[in-house]
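Q: This is the structure I want to talk about, given as structure tokens.
The values are calculated or read from the model by the stated rules, or taken from the named source; none is laboratory data. Since we're looking at a predicted model, the values are computed, not measured. Here Cβ is always computed from backbone atoms with ideal geometry, including for glycine, and neighbour counts include all displayed protein chains. Side chains included, ligands, DNA and RNA excluded: accessible areas come from the protein's heavy atoms. Shrake-Rupley method; radii C 1.70, N 1.55, O 1.52, S 1.80 Å.
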Amino acid sequence: MRPFELTAPTTIEDALSSTGTFLAGGTTLVDLMKLNVLTPQHVLDINALPLRGIDTHDGLRIGALERMSDLARHPGVYPVISEALLLSASQQLRNMASIGGNLLQRTRCGYFRDIATPCNKREPGSGCSAISGANRMHAVLGASDSCVATHASDVAVALVALDAEIRLVNAEGSRTVRLADFYRLPGATPDVENDLRPGELITEVVVPRLDWAQRSTYVKVRDRQSYEFALCSAAVALDIQDSHVVDARVAVGGVATKPWRLTGVEEALRGAPATAEGFEAAASVAADEAKPLSDNSFKLSLLKRTVVRALLEGSRR
Ligand code: SF4
């Protein structure tokens, strides 16, 4: 790790008037600093800022510094959010990691974390080692010729399914952005992963009220049952009346370069019978836009099966 200056502002104004890299739980940043993937000269520890709190009165408002474990066990949180959090990382990491930091976490592509290998995301223009290398874990949706890395967050998938927004602030002012629009596709600039502006801080996550999201779930398929990233995951919420789907939300992770909403599946679900056959028919379009790499064509069928399993489990709530 390279030497750096550390300061700890106690007000949002002080934090925004300083230049540096924000440190919350540190579960991504410190790792990447140890590997010399990130080498900030000035780190701003923001843990003393007043950015905590969970308000469930009308929808859900989550302070950006809330810890994953605290949010997961809050009784007013929709099941799909709680389950996505509890299937993430380890208990120790969930006790440390903040919600804002989780949404900004970097990819787990092994080449990104190995400074001895080319990686367009870490060093623009150097090439992508994964496209012709080990790419079993990589994306089949949203990839480009420059980068095929998946987005690593579980809870971001649940939040995108629920149309969550984030509030951002910097020295110029504040704004609100749909989380789904915040993340960028890699295109020719995979080093630019999101719409975060210079000096900007996430202050809050806002989930609109959706009463039928009590019937929701998060399914995560991975190589081992704990402390592992998704091969494929699915966040679903279902409005079911008279044994038919009235409305649905479906988003997937582990297969795409950003949390991926399956609007075609949602459309196919509306009016469909809430049965295994109805769910299988709707999920049959889930991988229509997918493009497999050399090692991960299995993700196309896995994607459909994961969506069906999530729909079945969600419908039984
Ligand atoms: Fe880097 Fe993206 Fe290629 Fe991984 S997939 S090596 S993060 S450019």
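Q: Can you find a residue in the range 106-123 that is near the ligand (Cβ under 8 Å from one of its atoms), on the phi > 0 side of the Ramachandran plot, assigned to a loop (DSSP other than H, G, I, E, B) and open to solvent by 20 Å² or more (accessible area, probe 1.4 Å)?
A: Within the range 106-123 (the criterion being near the ligand (Cβ under 8 Å from one of its atoms), on the phi > 0 side of the Ramachandran plot, assigned to a loop (DSSP other than H, G, I, E, B) and open to solvent by 20 Å² or more (accessible area, probe 1.4 Å)), the answer is no, since none of the residues qualifies.
Q: Between Arg215, Arg317, Arg249, Arg309, which is charged (D, E, K, R), closer than 14 Å to Val157 by Cβ, open to solvent by 30 Å² or more (accessible area, probe 1.4 Å) and in contact (Cβ under 8 Å) with a residue 12 or more places away in the chain?
A: Arg249
Q: Taking the range 174-200, which residues are within 16 Å of the ligand (Cβ to nearest atom), open to solvent by less than 90 Å² (accessible area, probe 1.4 Å) and under 27 Å from Arg249 (Cβ atoms)?
A: Passing the criteria: Tyr183, Leu185, Pro186, Gly187, Glu193, Asn194.
Q: Applying the selection to the range 55-106, what residues are in contact with an Asp or Glu (Cβ under 8 Å, 6 or more places away or on another chain) and more than 22 Å from Val236 (Cα to Cα)?
A: Gly63, Ala64, Ser98, Arg106, listed by residue number.
Q: Please work out which one of (1) out of contact with any strand residue (DSSP E or B) (no Cβ under 8 Å at 6 or more places or on another chain); (2) among the acidic types (Asp, Glu); (3) part of a loop (DSSP other than H, G, I, E, B) is the condition Asp163 fails and give its number.
A: It fails just one condition, (1).
Q: Among the listed residues Val265, Val245, which satisfies the condition of being in contact with a Gly (Cβ under 9 Å, 6 or more places away or on another chain) and of a type in the set (A, V, I, L, M, F, W, C)?
A: After applying the criteria, what remains is Val245.
Q: Hey, another quick one. Return the residues of the range 1-39 that are polar (S, T, N, Q), assigned to a loop (DSSP other than H, G, I, E, B) and surrounded by fewer than 18 Cβ atoms within 10 Å (Cβ to Cβ); say none if nothing qualifies.
A: Listed by number, the residues that qualify are Thr10, Thr11, Ser17, Ser18, Thr19, Asn36, Thr39.
Q: Could you list all residues from the range 133-144 that are near the ligand (Cβ under 10 Å from one of its atoms) and farther than 13 Å from Arg108 by Cβ?
A: If the condition is that a residue be near the ligand (Cβ under 10 Å from one of its atoms) and farther than 13 Å from Arg108 by Cβ, then Gly133, Ala143, Ser144 are the ones that fit.
Q: OK, next. Considering each of Val169, Val148, Val205 in turn, give the residue that is crowded, with 22+ Cβ neighbours inside 10 Å and either at positive phi or not in a loop (DSSP other than H, G, I, E, B) (or both).
A: Among Val169, Val148, Val205, only Val205 is crowded, with 22+ Cβ neighbours inside 10 Å and either at positive phi or not in a loop (DSSP other than H, G, I, E, B) (or both).
Q: Then there's this: Quick one: His42 ticks every box in (1) farther than 21 Å from Arg249 by Cβ; (2) surrounded by 14 or more Cβ atoms within 10 Å (Cβ to Cβ); (3) touching a residue at least 12 places away in the same chain (Cβ under 8 Å) except a single one, so which number is it?
A: Unmet for His42, out of (1) farther than 21 Å from Arg249 by Cβ; (2) surrounded by 14 or more Cβ atoms within 10 Å (Cβ to Cβ); (3) touching a residue at least 12 places away in the same chain (Cβ under 8 Å): (2).
Q: Quick check, is Tyr227 within 23 Å of Leu303 (Cα to Cα) and within 14 Å of the chain's Cα centre (by Cα)?
A: no
Q: Would you please name the residue that is nearest to Ala234 (Cα to Cα), looking only at residues in the range 252-279 that are of a type in the set (Val, Ile, Thr) and crowded, with 24+ Cβ neighbours inside 10 Å?
A: Restricting to residues being of a type in the set (Val, Ile, Thr) and crowded, with 24+ Cβ neighbours inside 10 Å, the top hit is Val252.
Q: Those residues that are open to solvent by 20 Å² or more (accessible area, probe 1.4 Å), among the polar types (S, T, N, Q) and part of a loop (DSSP other than H, G, I, E, B), I need them from the range 48-105; list them, please.
A: The answer is Thr56, Ser90, Gln105.
Q: Output the number of the condition that Ile131 fails; it satisfies all remaining conditions of (1) open to solvent by 10 Å² or more (accessible area, probe 1.4 Å); (2) of a type in the set (A, V, I, L, M); (3) farther than 29 Å from Leu293 by Cα.
A: It fails just one condition, (3).
Q: Within the range 252-294, how many residues are among the β-branched types (Val, Ile, Thr) and without any contact (Cβ under 8 Å) to a residue 60 or more places away in the chain?
A: Qualifying residue count, the range 252-294: 4.
Q: Tell me yes or no: at least one residue of the range 225-236 is assigned to a helix (DSSP H, G or I) and open to solvent by 30 Å² or more (accessible area, probe 1.4 Å).
A: no
Q: Just one of (1) more than 16 Å from the chain's Cα centre (by Cα); (2) under 21 Å from Cys109 (Cβ atoms); (3) not β-branched (Val, Ile, Thr) trips up Asp239, so point out which.
A: All conditions pass for Asp239, except number (2).
Q: I need every pair where a residue in the range 138-156 that is outside the structural domain of Ala256 (by TED's automatic domain parsing) has its Cβ under 8 Å from the Cβ of a residue that is within 8 Å of the ligand (Cβ to nearest atom) and aromatic (Phe, Trp, Tyr), sequence separation at least 6 or different chains.
A: Sorted first by the residue in the range 138-156, then by its partner, the pairs are Ala149/Phe112.
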